[in-house]
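Please read the structure below before turning to the comments.
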Amino acid sequence: MGSDGNMTMPMGDNSMPMPSGPATPIASFKAPETAAQTKNFTLTARTANVKIGNQTIEALTYNGTAPGPTLRVQQGDLVVVKLVNTLSEGITIHWHGVAVPNSADGVAGVTQNAVKKGETYTYRFIAKDAGTYWYHSHQQSNDQVKRGLFGMLIVDPKQPAEHDDVDAALIYHDWSNAGKDTSGNTIEKTVSTSHIQARPGAWVHLRLLDTDNDQHMATLIGAPFTVTAMDGADINKPQPLSESILSVGSGQRYDLRFQMPAQGAVRLVEVDDKGKPTDGISAIIGDGNAPTALHNANPPIFDFTHYGQSKPDPITADTHFDNVNTMKLDSHFGFFDGSFGSVYTINGKSFPDIPPITVKEGQLVKISIINEGTSVHPIHLHGHDFSVLSRNGKKVTGSPIYLDTINIQSKESYEIGFRADNPGLWMDHCHDLDHASHGMDMMVVYP
Ligand code: C2O
Ligand code: CU
């Protein structure tokens, strides 16, 4: 890549490749609109010992914990986050799912230089939309996210629709990918159960976030639940579900709501493809006996494309689009960046050879994404959320569904649409960060 040794990946990022271009940030700062309030945070990146079960790992952290602190703000706030780096490696913060100005997107080599040891960088953006989001480093993210540089961002709505008695989160993170523990042993595949307090009859809002490279198949046993939001975007009039299996893809968030039964606990489980609970990450909510098995021998797979109640939306399968694109996802064995292994491709090419999608401000843009390969690809678009128009040729019939990451199983296809309303240089990549570091990244650019 770059013949002067300083071009393609100016910050030495060999994990999440970046397009060639000038080594200086190209994005310009867009002055924030008027904000209700300013919320200031400082996140200091440092190494810290973190307990994983009965092992200890020297993790990369924001403020000494992994996950980092949950940042909580109100819709409409101006969020100002000062990143201080004391690590010996360069880092950034990307605000996954938030439509930030391009200068705050945190992509090393595209919107800023990686923040080196002793340096700081300040991110500023308005938290326009309420919902569950997250943040993570976007410099060698394949390595740094695994080792702990991530946390949750919650934007509370100005007017909450419902009252929740309990608001809790469960973050999927497989530490077995993070390297060795402090005694040099590999980290056991995470089997962890957390306990969430809730009294009988309480309304619980449970936020699921997947920071792994793998999807997690999860369901709740012991109470019917609704999926109130996906990727931070509310679902219109969601219907109650019973033991429906959610595939929480890498980078995605699901907001669940349920009422605690009069007696006993509720269990969030991971299940295998037969619907049998596995020993994966789980949670017990409430006290008393928590059911361990599903009642339903054939639990339904949650299909968000026919969920909730439809309502008029500016971007649907019937919209006229100005700018129409196709992304065919696949992989093969070959050389990538000098080493032999799986190479992940979009339209037969891998990064940096994949031509960008060029959009003009104001255009309605459609992308058909077809997974022709054998693995799951959670495709994440920066800077925008998109409406899901159709799945496998069938139009979305329920609530409009807006996502920032779409988890595409092998042989599935989706059409998505968005309005090009946030100028800049935006990544569009697989959020299986192993795939991203082996070619599955492209750009959406505004000229
Ligand atoms: Cu959550 Cu480009 O990343
Ligand atoms: Cu992928």
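FYI, it's all coordinate maths here, none of it is from the lab. Computed from a predicted structure; not experimentally measured. Heads up, the Cβs are rebuilt from the backbone with ideal geometry, glycines too, and the neighbour counts pull from every protein chain shown.
Quick notes on this structure:
- Here Lys276 is the anchor, and the aspartates and glutamates within straight C-alpha reach of less than 13 Å, apart from those fewer than 8 places off in the same chain, are Glu243.
- What you get for the chain, charging only the Cβ of Lys and Arg (+1) and of Asp and Glu (-1), is a dipole of about 540 debye around the Cα centre.
- Dipole magnitude for the range 102-204: computed about the Cα centre from +1 point charges on Lys and Arg Cβ and -1 point charges on Asp and Glu Cβ, it is near 400 debye.
- Structural descriptor for the range 166-302: relative contact order 28 percent, calculated from alpha carbon pairs under 8 angstrom and at least 6 residues apart.
- Cα→Cβ-extended label distance, 7 Å offset, between Asp322 and Thr358, nm: 1.5 nm
- Anchor Lys128: lysines whose Cα lies under 16 Å away (excluding residues fewer than 8 positions away in-chain): Lys30, Lys39, Lys158
- Hull volume per residue, based on the alpha-carbon atoms of the range 38-156 and their convex hull, is 90 Å³.
- In the chain, the alpha-carbon atoms span a convex hull of 144 Å³ per residue.
- When the P(r) of the range 274-422 is calculated, the portion above 23 Å amounts to 51% of the C-alpha pairs.
- Put a plus charge on the Cβ of each Lys and Arg, a minus charge on the Cβ of each Asp and Glu, and nothing anywhere else: the dipole of the range 206-278 about its Cα centre is then about 320 debye.
- Over the residues of the chain, the helix contribution to mean residue ellipticity at 222 nm works out to -500 deg cm²/dmol, using -39500 (n - 2.57) for each DSSP H run of at least 4.
- Neighbours of Lys394 by Cβ distance under 13 Å: Lys/Arg scored +1, Asp/Glu scored -1, total -1.
- Multiplying the residue separation of Thr397 and Asp337 by 0.36 nm and removing their Cα-Cα distance gives an extension gain of 17.3 nm.
- Pairs from the list Lys116/Lys146; Lys146/Lys360; Lys116/Lys189 with a Cα-Cα gap above 28 Å: Lys146/Lys360; Lys116/Lys189.
- Given charges at Cβ of Lys, Arg, Asp, Glu: the range 271-373 dipole, positive-most of Asn347, Ser331, Gly280: Asn347
- Alpha-carbon Rg/Rh ratio, for the range 199-298, with Rh computed the Kirkwood way: 0.94
- Taking the DSSP bridge list for the range 323-445 and keeping only pairs wholly inside it, about 80 percent are antiparallel.
- Stretch gain in nm, segment Thr86-Asn185, where the contour uses 0.36 nm per residue and the Cα spacing is subtracted: 33.0 nm
- Taking a Cβ cut-off of under 13 Å around Asp165, the surrounding Lys, Arg, Asp and Glu residues balance to a net charge of -1, with basic ones at +1 and acidic ones at -1.
- For Lys395, the lysines whose Cα falls under 24 Å of its own Cα, not counting residues fewer than eight places away in the same chain, are Lys237, Lys311, Lys328, Lys366, Lys411.
- Cβ-based net charge around Gln112, under 11 Å, with every Lys or Arg adding one and every Asp or Glu removing one: -2
- A dipole drawn for the chain from +1 and -1 charges on Cβ atoms has a positive end, and of Gln140, Trp95, Gly393 the residue lying farthest that way is Trp95.
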